[in-house]
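S.K.: Structure provided below as structure tokens; questions to follow.
The values are calculated or read from the model by the stated rules, or taken from the named source; none is laboratory data. In this text the structure is predicted, and so the values were computed from the model without any measurement. Positions of Cβ are backbone-derived with ideal geometry, glycine not excepted, and every protein chain shown enters the neighbour counts. These area figures cover heavy atoms from the full protein model, side chains too; ligands, DNA and RNA do not enter into them. Shrake-Rupley method; radii C 1.70, N 1.55, O 1.52, S 1.80 Å.
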Amino acid sequence: AVVFCKWCLSKERPIRRTQNCLSCLKTRTNDYKLLYPFLWVRIIPGGSMNVLLIYAHPEQQSFNAALKQTAIDTLSKQGHAVEVSDLYAMNFKTTLDREDFLSLTETNHVNYVTELKAAYMNNALVEEIRKEQEKVRRADFLLFQYPLWWFSVPAILKGWFDRVLTTGFAWDFGRLYDKGLLAGKKGMVSVTTGGPENFYAEDAPHGWSIEQVLYPINHGVLYFCGITPVEPFAAFSVFQVDNEVRKKYLEDFRKRLLSLETTKTLHYHPLSDYDEQMRLKVNK
């Protein structure tokens, strides 16, 4: 008997224990890789990925733009499908406010955590947000390219986090960190800095290594939502170094992108490593 996918009615149904074809499972659910991780790895051992590149720099002639183009060219040549969200070119709205909702469950006082979940579940978020969420849903790998400003992200990227990674879509109560709603995806941060590399150490003027500076993004945003972060890439002091150093940065970045699927991931503790008081268990 011919079996059809229950979503797209395709005859393709290569996966047992589900009534959906592989294409629908990749694009319409966040939970499949979490529920069947071993089956997923067996079916797609490497191969092409859907990559979402979130780019946050206002200047199209910047070194960040060169890194962005390097990523597009390198990943595309490997057979990966690359989708780009150029936030400044999109004039992406930076602030989360009432204008982001088509309707509200409570108008006197807006609790944005609960309203975002209700709006996501009821398809009541504005189109700009819904389009970005669809991009995230399609992605196997998220690549963030931006300059390090004030030890953090540009405001427009912070707005993307606030508005796109909503409750019910990216995380929920009881669905955090390794249980986050975006589990099964990987992500990488690629940044440029104004200061030299030797400023980034615990005993240096900045007081933090670059890994510590990026911890709020790698752990507090990506891993919080279930995305597994890989080791970040950093190009230091880009407007002070000469062209030869910049060329080397681009080549190093290209080499990193060629091995994305095997790049070392950052280790963070799963929730099972914590006790009932949310303290790390002994020997973990």
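S.K.: Highest first, please rank the peptides 58-70, 163-175 by the mean number of other Cβ atoms sitting within 10 Å of their residues. Each step should come with its number before you reach the end.
M.R.: Details: 58-70: 16.6, 163-175: 19.0.
Peptide ranking by packing, descending: 163-175, 58-70.
S.K.: Post the alpha-carbon centroid distance, segment 119-196 to segment 48-79, in whole angstrom.
M.R.: So the separation of the two Cα centres works out to 17 Å.
S.K.: Starting from the Cα-Cα distance between N123 and Y88, subtract it from 0.36 nm times their residue separation and give me the gain in nm to one decimal. Display every interim value, and only then the final one.
M.R.: On the way: separation 35, 0.36 × 35 = 12.60 nm, distance 2.53 nm.
Full-extension gain reported as 10.1 nm.
S.K.: At a threshold of 8 angstrom on Cα-Cα distance, excluding pairs fewer than six apart, so keeping six or more, what relative contact order does segment 46-96 reach in percent?
M.R.: Across segment 46-96, relative contact order equals 52 percent.
S.K.: Taking Cα atoms of segment 98-148, Rg/Rh with Kirkwood Rh, to two decimals? Write down the numbers at each step before the final one.
M.R.: Details: Rg = 13.6 Å, Rh = 12.5 Å.
The Rg/Rh ratio comes out at 1.09.
S.K.: Hey, what do the phi angles of segment 138-153 turn into as Karplus ³J(HN,Hα) couplings, whole Hz, using 6.51/-1.76/1.60 and θ = phi - 60°, x for Gly and Pro?
M.R.: Whole-Hz 3J(HN,Hα) from phi for segment 138-153: 6, 7, 8, 9, 10, 10, 9, 10, 6, x, 7, 10, 6, 6, 8, 9.
S.K.: Let me ask you something else. Order 150-160, 272-282 from most to least packed using the mean count of other Cβ atoms within 10 Å. If you can, show how the numbers build up before the last one.
M.R.: Details: 150-160: 17.5, 272-282: 9.0.
Highest to lowest by the protection proxy: 150-160, 272-282.
S.K.: Please list 3J(HN,Hα) in residue order for segment 54-70, calculated via the Karplus relation 6.51 cos²θ - 1.76 cosθ + 1.60 where θ = phi - 60°; whole Hz, with x for glycine and proline.
M.R.: 9, 10, 9, 8, x, 9, 7, 9, 7, 5, 4, 5, 5, 5, 4, 5, 4
S.K.: Ordered by packing density, taken as the mean number of other Cβ atoms within 10 Å over each peptide's residues, highest first, how do 105-116, 121-132 rank?
M.R.: Details: 105-116: 13.3, 121-132: 15.4.
The packing order, highest mean first, is 121-132, 105-116.
S.K.: If you don't mind, another one. Once fully extended, how much extra length lies between A81 and T262, figured as 0.36 nm per residue of separation less the alpha-carbon to alpha-carbon distance?
M.R.: Working: separation 181, 0.36 × 181 = 65.16 nm, distance 1.79 nm.
Computed gain between A81 and T262 is 63.4 nm.
S.K.: Given the pairs K179/K264; K185/K281; K135/K248; K135/K255; K93/K179; K135/K186, which span a C-alpha to C-alpha distance of over 22 angstrom in this model? Display every interim value, and only then the final one.
M.R.: On the way: K179/K264 20 Å; K185/K281 27 Å; K135/K248 31 Å; K135/K255 25 Å; K93/K179 29 Å; K135/K186 14 Å.
Cα-Cα > 22 Å for K185/K281; K135/K248; K135/K255; K93/K179; rest within.
S.K.: If you place +1 on the Cβ of every Lys and Arg and -1 on the Cβ of every Asp and Glu, how big does the dipole about the Cα centre of segment 153-284 come out, in debye to the nearest 20? Write down the numbers at each step before the final one.
M.R.: Details: 16 positive and 16 negative charges, 89 e Å.
Dipole size: approximately 420 debye.
S.K.: Please compute the length gained on full extension between H109 and Y274, using 0.36 nm multiplied by the number of residues separating them and subtracting their Cα-Cα distance.
M.R.: Gain in length upon complete extension: 55.9 nm.
S.K.: What whole-number volume per residue, in cubic angstrom, does the convex hull of the C-alpha atoms of segment 120-240 give? Numbers along the way, then the final one.
M.R.: Details: hull volume 12.9 nm³, N = 121.
Per-residue hull volume (Cα only) is 107 Å³.
S.K.: Moving on to the next point. Can you tell me what share of the DSSP beta bridges in segment 157-284 is antiparallel? A percent to the nearest 5 is fine. Before the final figure, lay out each step's value.
M.R.: Numbers: 3 of 9 bridges.
About 35 percent, rounded to the nearest 5.
S.K.: Here is a follow-up. Would you grab the residues whose amide H sits under 5 Å from the one on F233? Only those 5+ places off in sequence or on another chain, please, with H modelled 1.01 Å from N.
M.R.: The answer is V189, S190, V191.
S.K.: With a 1.4 Å probe and all protein chains left in place, how much of the accessible area of segment 38-196 comes from carbon and sulfur atoms, in whole percent?
M.R.: Working: 3840 of 7120 Å².
It is 54 percent, rounded to a whole number.
S.K.: To continue, here is another question. Normalised by the residues of segment 65-172, what does the relative contact order come to in percent, with Cα pairs under 8 Å and at least six apart? Write out the running numbers ahead of the final one.
M.R.: Working: 80 pairs, mean separation 37.3, N = 108.
Averaging sequence separation for qualifying contacts and normalising by length gives 35 percent for segment 65-172.
S.K.: Another question about this same structure. What chymotrypsin sites (Phe, Trp or Tyr not before Pro) does segment 215-246 have in DSSP loop regions with at most 13 other beta carbons within 10 Å?
M.R.: Passing sites in segment 215-246 are F239.
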